[in-house]
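Beneath this line is the structure, given in structure tokens, with notes to follow.
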Amino acid sequence: MEEWMKPGSMRDRFHGVLLGTAMGDALGMPVEGAPMDAIQERFGELREMKEARLGRGTVTDDTHMTLALAEALASTPDAVDLDVVADRFAARFRPERGYGGNARVILSEIRSGIPWRDAVERHRLPGGSWANGAAMRVAPVALAFLGRRDRVADAAVAQAKVTGHEHPVGTDGARLQALAVHSAVSLGDPLEPLPFVEELERHGEPWHPEVARALRWVRTHLDAEPEEAARNLGTGARASQSVPAALWAFLSVEGGAQESVVRAVNLGGDTDTVGAMAGALAGGANGASAFPSSWMEALEGGSLGADGLRAAADALYRTGTGRSDAR
Ligand SMILES: [Mg+2]
């Protein structure tokens, strides 16, 4: 096997970010919205892909938007061109894949030819959206600007504009997830959870108070029980809940990529998105090869599934100008 294909290699970690997103999304989708105890009652611990609305192993908006953002970033090396991002979001938009109400309206209009800025303006929520829509798809910016954290943070906030996620909770959620994926990919496995959170807290300052509080909780409760984490952090669509919840699931688990994603999904709530975000983190640190073959086999293929994600990961790997700086 060539060096760059090896498990845990940088290329494997690029693949891990995108395929990890998809696997967390697909694992969590059948129980989206279910509280923790309902999942427990039904599955014990949900560890394998289950039959779902669109079939076992199918992905949702989280994966499609991540794919679209990856493609946009790969096609404009060293830049975030929001017109290109909007075009790719529209091209990959499949309304039946669980898009949130406002994003669905905005993307429908963009696809019908309305300039994205006009569509966002028309449907902007008061103060911008605080939901996790900008965070769930943000992981590719960590790959496109690997080795340059300030660019990662700026790109995370910029891409949030295309769907009107401009509330500081929405943008800080995107920034946190992007910086966390960046650290995960840069450090690789094994990483040390406590310094990992401390570094995020420090580097990202100032955080919105809700995000700052959640980060503090994550740092001081890395050994907590999942029930306690779900209760204290929350797992709803508000970005200050679900993004730190995914980070906690990633860092609180010993024993690799699968366990992080399993823990994330079993917290309940916005399970596909929390799973997708934890999947990006775990895949970024461990590589795509670290996920179980049963997941990889179940995962939807095709240009909007695993095949498209692999191609986008390779395109970003080739064009990610910062990667030579990374370890
Ligand atoms: Mg979804």
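Rule-based calculations on the coordinates, nothing more; no lab input. What you see is a predicted model; the values in this text were computed from it and never measured. Note: ideal-geometry Cβ built from the backbone for every residue, glycine included; neighbour counts use all protein chains shown.
Here are some notes:
- Protection-proxy order for peptides 254-265, 47-58, 29-40, each taking the mean of Cβ atoms within 10 Å per residue, highest first: 254-265, 29-40, 47-58
- Distance between the 7 Å Cα→Cβ label points at residue 296 and residue 254: 2.7 nm.
- Based on C-alpha pairs under 8 angstrom that are at least 6 apart in sequence, region 128-249 has a relative contact order of 30 percent.
- Three principal axis lengths of region 3-73 [C-alpha, angstrom, descending]: 44, 26, 19
- Under the convention that each Lys and Arg Cβ holds +1 and each Asp and Glu Cβ holds -1, the size of the dipole of region 9-49 around its Cα centre is about 260 debye.
- Virtual spin-label span in nm between residue 42 and residue 111, 7 Å along Cα→Cβ: 2.6 nm
- Measuring how big the chain is from its alpha-carbon positions, Rg and Dmax come out at 17.5, 53 Å.
- Options 123, 85, 73, ranked by Cα towards positive dipole end of region 1-145, top entry (Cβ charges): 123
- Were the residues from residue 189 through residue 83 laid out at 0.36 nm apart, the gain over their Cα-Cα distance would be 34.6 nm.
- Across region 197-296, the relative contact order, built from alpha-carbon pairs under 8 Å that are at least six residues apart, equals 22 percent.
- Charge dipole (debye, nearest 20) of the chain; +1 at Cβ of Lys and Arg, -1 at Cβ of Asp and Glu: 600 debye
- Per-pair calculated FRET efficiency, R0 = 35 Å: residue 213 and residue 53 via Cβ, rounded to 0.05: 0.50
- Alpha-carbon Debye profile of region 62-210, log10 I(q)/I(0) at 0.13, 0.15, 0.16, 0.17 Å⁻¹: -0.55, -0.73, -0.82, -0.91
- Diffusion coefficient, µm² s⁻¹, Stokes-Einstein with Kirkwood Rh over alpha-carbon pairs of region 152-215 at 4 °C and 1.567 mPa s: 106 µm²/s
- Peptide ranges 307-317, 164-174 listed from the most packed, as the mean C-beta count within 10 angstrom indicates: 164-174, 307-317
- Between residue 91 and residue 124, residue separation times 0.36 nm minus the direct Cα-Cα distance comes to 9.7 nm.
- Each of 269, 44, 290 was placed along the dipole of the chain (beta-carbon charges, centred on the mean Cα), and the one lying farthest toward the positive end is 269.
- Distant-in-sequence amide H partners of residue 78 (H built 1.01 Å from N, under 5 Å): 321
- Taken along its three principal axes, the alpha carbon spread of region 172-278 comes to 30, 30, 22 Å, from the longest extent down to the shortest.
- Residue order, fewest to most beta carbons within 10 Å, for 248, 217, 130: 217, 130, 248
- The stretch between residue 76 and residue 150, if pulled fully straight at 0.36 nm per residue, gains 24.8 nm over its current Cα-Cα span.
- Only helical runs count toward this figure. For the chain, summing -39,500 (n - 2.57) over DSSP H runs of n ≥ 4 and dividing by all residues gives -19000 deg cm²/dmol at 222 nm.
- Taking a ≥ b ≥ c as the square roots of the eigenvalues of the alpha carbon gyration tensor, region 1-133 is oblate, as a/c is not under 1.5 and a/b does not beat b/c.
- A simple count of charges around residue 290, restricted to other residues whose Cβ falls under 10 Å of its Cβ and scoring Lys, Arg +1 and Asp, Glu -1, yields -1.
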